[in-house]
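Notes follow the structure.
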Amino acid sequence: KREVPKMKDKKIIFSGIQPSGNLTLGNYLGAIINWIPRQDEYNCIYSIVDLHALTVRQNPAELRQKTRSLLALYIACGLDPDKNVLFVQSHNGAHAELAWILNCYTYTGELSRMTQFKEKSQSHADNINAGLFTYPVLMAADILLYQTDLVPVGHDQKQHLEITRDIAQRFNNIYGEVFTVPEAYIPEVGARIMSLQQPENKMSKSDENPNNYISLLDSPNTIVKKFKRAVTDSERIIRYDEKDKPGISNLMSIYASVVGKSYKEIEEEFQGKGYGDFKQRVGEAVAETLKPIQEKHRELMADKGYLDNIMKDGAERAENLSYRTLRKVYKKIGLVPRG
Ligand code: ATP
Ligand code: LTN
């Protein structure tokens, strides 16, 4: 039996990813890669946020499969289930409960300014549901339930972290110090991996065109092919310039994150070489990085009992950690204790 970490013996990290598709290289470099080195220093809690995924219509069988696969990927990427609480969001009812309450402390005006809401409303114009609108409130509940100090995410979540902080501060101003006000951790390189075919858009796992993203489960051949086809420019010089060379700059930030080189070192490595050589090398480097993850993922997916056990255990630990905050909130706002 795994131990429930004490609430404040170390600082707390919380983050989550939606099981809305196969993880992309963007999710890996923007988020997960920054989760791995912190497992000893912090108490880390990582969720598979299936309730968030429901804001876009999901196929039930696929959602179930993707949820398990994402748990296996968390572990395959290097998250040790003994050191981190890994759990499925819907397994802890406290998330939905706190989200309802926080909805009553969040203004529709601030929600309507969220860029993710605006973007998803455009890409899913036939299903602009209320869940999509209040998505950031559920995310605030995820984070605030655990008295989180630090939230490692990609750049696209910056605005959601700001609203989370606003909600926490607003609540604390009325009722006293109930919530820790969390900080975002957004990496310098890799926080905004762009689409391979449309480098002005972010790489997204729910993109309709698989050539736009690298899935962590793509075969080495597919990975190299997708990089070879990536949209670049006509200058034929490998240098970092996000504005005028978004395609090449994106490939450079991927390569920089994967091999740990600076942009300057990359420019030197490929001086006098063509885009073809560069793309080939980026593809190979990514394929090499993903190979051990894919092998571990395959092994884990074959062991349903093991994954079920981790999920069950994670849910219990998450529940234990979060109920203290939820009870405190209920008490502060005047709900009668059940006794
Ligand atoms: P969807 O396409 O379903 O909206 P997504 O690929 O954007 O999904 P999320 O589940 O929303 O992924 O995000 C999980 C984590 O990955 C978040 O921390 C997010 O900031 C990060 N992330 C997502 N896309 C990128 C990207 N292109 N570059 C860097 N980080 C990213
Ligand atoms: N909203 C995030 C996923 C997410 C999350 C969270 C991230 C849901 N709850 C809590 C960090 C902390 C997204 O769309 N990427």
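A few points about this structure:
- Subset of the range 314-339 [open to solvent by 80 Å² or more (accessible area, probe 1.4 Å), within 17 Å of Cys104 (Cα to Cα) and of a type outside the set (D, E, K, R)]: Leu335
- Cβ separations smaller than 8 Å between residues 6+ apart or across chains give the following pairs from the range 171-185 residues that are touching a residue at least 24 places away in the same chain (Cβ under 8 Å) and in a strand (DSSP E or B) to residues that are surrounded by 14 or more Cβ atoms within 10 Å (Cβ to Cβ) and polar (S, T, N, Q): Ala184/Gln157; Tyr185/Asn34.
- All helices (runs of 4 or more DSSP H) inside the range 105-147 with 1 or more residues being open to solvent by 30 Å² or more (accessible area, probe 1.4 Å), out of contact with any helix residue (DSSP H, G or I) (no Cβ under 6 Å at 6 or more places or on another chain) and of a type in the set (A, V, I, L, M): 130-145
- Taking the numbered list (1) more than 15 Å from ligand 2 (Cβ to nearest atom); (2) touching a Pro at 6+ places or on another chain (Cβ under 7 Å); (3) within 28 Å of Val329 (Cβ to Cβ); (4) of a type in the set (A, V, I, L, M) in turn, Ala53 passes all entries but (1).
- Qualifying residue in the range 203-211 (condition: closer than 28 Å to Glu316 by Cβ, part of a helix (DSSP H, G or I) and open to solvent by less than 60 Å² (accessible area, probe 1.4 Å)): no
- One residue from Tyr74, Tyr135 being among the aromatic types (Phe, Trp, Tyr) and under 21 Å from Glu316 (Cβ atoms): Tyr74
- For the range 22-58, taking the residues that are of a type in the set (S, T, N, Q) and either more than 26 Å from Leu321 (Cα to Cα) or open to solvent by 10 Å² or more (accessible area, probe 1.4 Å) (or both), the one that is farthest from ligand 1 (Cβ to nearest atom) is identified as Asn43.
The values are calculated or read from the model by the stated rules, or taken from the named source; none is laboratory data. Nothing here was measured: the structure is a model prediction, and the numbers come from that model. Neighbour counts run over all protein chains shown; Cβ positions are idealised from the backbone, glycine included. For accessibility, only protein heavy atoms count, side chains too; no ligands or nucleic acids. Shrake-Rupley method; radii C 1.70, N 1.55, O 1.52, S 1.80 Å.
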